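The values are calculated or read from the model by the stated rules, or taken from the named source; none is laboratory data. Owing to the predicted nature of the structure, the values given are computational and were not obtained by experimental measurement. Here the Cβ is made from the backbone with ideal geometry for all residues, glycine too, and neighbour counts use every protein chain on show. The area values use the complete protein model at the heavy-atom level, side chains included, leaving out ligands, DNA and RNA. Shrake-Rupley method; radii C 1.70, N 1.55, O 1.52, S 1.80 Å.
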Amino acid sequence: MAGAGRYQRGVSAVIPAYNEAATVGKVIETLKQVASIAEIIVVSDGSEDATASIARRHGARVIELEINGGKGAAMTVGARAAREDILLFLDADLEGLTAAHVEALVAPLLTDSADMTVGIFSRGRSLTDLAQVVAPHLSGQRAIRKELFLAVGAEKSRFEVEVLLTSEARARRWRVQKIPLANMTHIMKEEKRGLYRGVIARMGMYKDILGYILRLTRKKIKTRPVAILFLLLFLVAALNYDILTMRAAAAAARNIPVLDLPDGGNRILVISPHPDDETLGAGGLIAEARDRGDAIKVVIMTNGDGFRRGVEKFNGPLPAGSSDFLQYGRLRQQEALAALGTLGVKADDVIFLGYPDGGLAPIWLGYWGQDRPYTSVYTRQAAVPYKLAFAPGEPYTAPALLNTLVAILKDYRPIDIYVTDTNDSHPDHWATGAFTLAAIGKVRGEDPSFRPYLYTFVIHTGTWQMLPVIERQAKPLLPPGYFLGRGTPWYQLPLSPATLARKKKALAAYRTQELVMPTFLANFERPNEVFSHLPDQQLVQDDSSAGGDGEPAYWPDSARVALDPAGDQLTRKLENGGDLKAAYLLQAGKTTYVRLDTWGRPGFPVTYTASIYLLPGEPEGQVRRFLLQVDPGERQVRWLARPTGYNPGAVRVIYREHSVEIALPGLVSPGEHYLMFAAATSIGKIPLDRIPWRLLRVGGGGL
């Protein structure tokens, strides 16, 4: 791999794969971005699909086994063929894998601070997250020294190989580190093979693991039922975790009021990250609004032109080039027009922006200069390449996208806005919400009479929308339990049978997506839709500190920007100080205070990040960005971005028993009307928890 010479030693990545043609290419492409990966070996373990050929086309060294010998045997074959002394084992069906995840897994071995690392999923799917919290020894994402792995004798093991490695590590006292892998999961067997075949495959995996545990005990036969009972209890707990979560949500959902829609004449704007999200989250709302005579416009931020798995499924196993992604984007535009036409939306009321799929979050976080646009890793374009777009040729920069949304809001002046939530786990989705909030703030800063109602919907979070639902058309859709506890009101919109039928027909128009994730789409075919109303928020002034810059005398509840009362199970297990409980923002005199509450004592090894974007109150003004980090145990901040002329020397960091406070003197200058705020925690490059983006008004006056 390019750049591997930076290290005195390299890493051999080994991917055991059985019928993983749909996903193995994406894992290989991620590995190719990491300098320390010296070679990538894919062991096709008797695959009957195009796993081997696709892996070769993506540049991997492929070893094909004629007969399926099991995961342990495939890993051993790959290990013996590896040239390097450090091995990295990854599953071939990973979703959300990034270069940062890979670097975090191999870094302890490259620095000789560990003999093995074990990756633990976090904030991906709640089912897999829970399983790995309870039983981290089942994780297949590991880095290990080659001689240690080969000494274990894993060639005769199948799915129990991870349990074997954990057992050997304890017996031989290896140095083992657990590495959190945030926003990452894998495709479940029930998704890949269908419900029946997937359950059969899963039971086979559990049989292998159980068999090894029973052999490991080497106890009398009467003790074996105890081991069987223990394992079965764990499996039942894991498989029913989301059922219990849904029951808890159902209890709260009994009090969720019905969304009260006006009788007609309303102007509604729906803003969607990709073609299909608008129908998944708000298709019934759109259909019923059109039936009432409401005006509807739909803004689609990207054309979904970076969905590699979808492109390869649609075009076949040949490697996809930039022209394939562009053609896929144009096809998805036509699908969106057909779907929205079914719901009653005219083609002239569908606005395609043509921004890059997978690029909205990077643009929001780092591309605020007009002279350096973002370049899509899929289409290789740095400007809108589509003729069917609001502004063809517009550069992929944050100011351009923000100004486009501002122009649409000023022209259409919607009364109600529906957009994906900033706490949605998909980066394009939360970034769509963030850009929308910023555009609303910018327009309201110029024109206080612009006061739309803002509603959000969720598409991606854990297994909420992924697990198959039986008789889904009779089961109401409920908000995720985590979202119900954050303090914002939720509403449900019941759908008539005729409206639900139209929504199903609209979803069927997305044929490219039906090929890849039919269960995902079908799970939104419910008798209702759910929306959260985001209330107006304001930067609270601490009157007790007026005229001075002393610390706040107290923090009123009104200063709370966001709430995370449930906590994050995995983050709390790994590091309590990284599990965010709430965030506060308070103005004391000329100083802006940020307070991050945590479930544990803050400090080492957690890094705390705060981001504040000040929105201008005049049309030509520029967004002023403040991005800062508090490194583990430090009492000074490290600036990632700040406006020219701001004095960072006066910033102070204050640690409390369960909070971190940051004092930012002179942050808010006269004329600033709105700001955006977010916060996050991490260990190294691996994210732990986050407070999603919020919009707040700065200065006096009511909202």
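Below, the figures for the structure above:
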item	result
Formal net charge of residues neighbouring Ile654 (Cβ-Cβ distance under 11 Å; K, R +1; D, E -1)	+2
Unit charges on C-beta of K, R, D, E only; dipole of segment 256-383, Debye	400 debye
Sum of side-chain charges, Tyr374 neighbourhood, beta-carbon under 15 Å (Lys, Arg +1; Asp, Glu -1)	-3
Residue (of Val668, Gly649, Gln636) at the positive-pole extreme of segment 627-684, dipole from beta-carbon charges	Gly649
Residue-span extension gain [Leu515 to Ser449] - 0.36 nm each, minus C-alpha spacing	19.2 nm
Protection proxy ranking, peptides 402-411, 30-39, average beta carbon neighbours within 10 Å, highest first	30-39, 402-411
Of Lys26/Lys146; Lys313/Lys503; Lys442/Lys590; Lys146/Lys685; Lys26/Lys313, those spanning more than 19 Å from alpha-carbon to alpha-carbon	Lys26/Lys146; Lys313/Lys503; Lys442/Lys590; Lys146/Lys685
Gain on full stretching of the segment that runs from Asp263 to Asp348 - 0.36 nm per residue minus C-alpha separation	28.2 nm
Separation of the Arg652 and Asp291 label points, Cα + 7 Å toward Cβ, nm	6.0 nm
Leading residue at positive end of dipole, segment 303-417 (Cβ point charges), from Thr379, Leu401, Gly354	Thr379
Where labels lie 7 Å past Cα in the beta-carbon direction, separation of Asp557 and Ala522 in nm	4.5 nm
Solvent accessible area, Å² - Phe520, 1.4 Å probe, full protein context	10 Å²
Solvent accessible area, Å² - His101, 1.4 Å probe, full protein context	10 Å²
Protein accessible area in segment 472-528, 1.4 Å probe - carbon and sulfur %	60 percent
Solvent exposure ordering (accessible area, 1.4 Å, most first) of Arg83, Arg267, Arg642, Arg595	Arg83, Arg642, Arg267, Arg595
Per-pair calculated FRET efficiency, R0 = 45 Å: Leu148 and Ser53 via Cβ, rounded to 0.05	0.85
Accessible area of segment 587-641 divided out per residue, in Å², using a probe of 1.4 angstrom	41 Å²
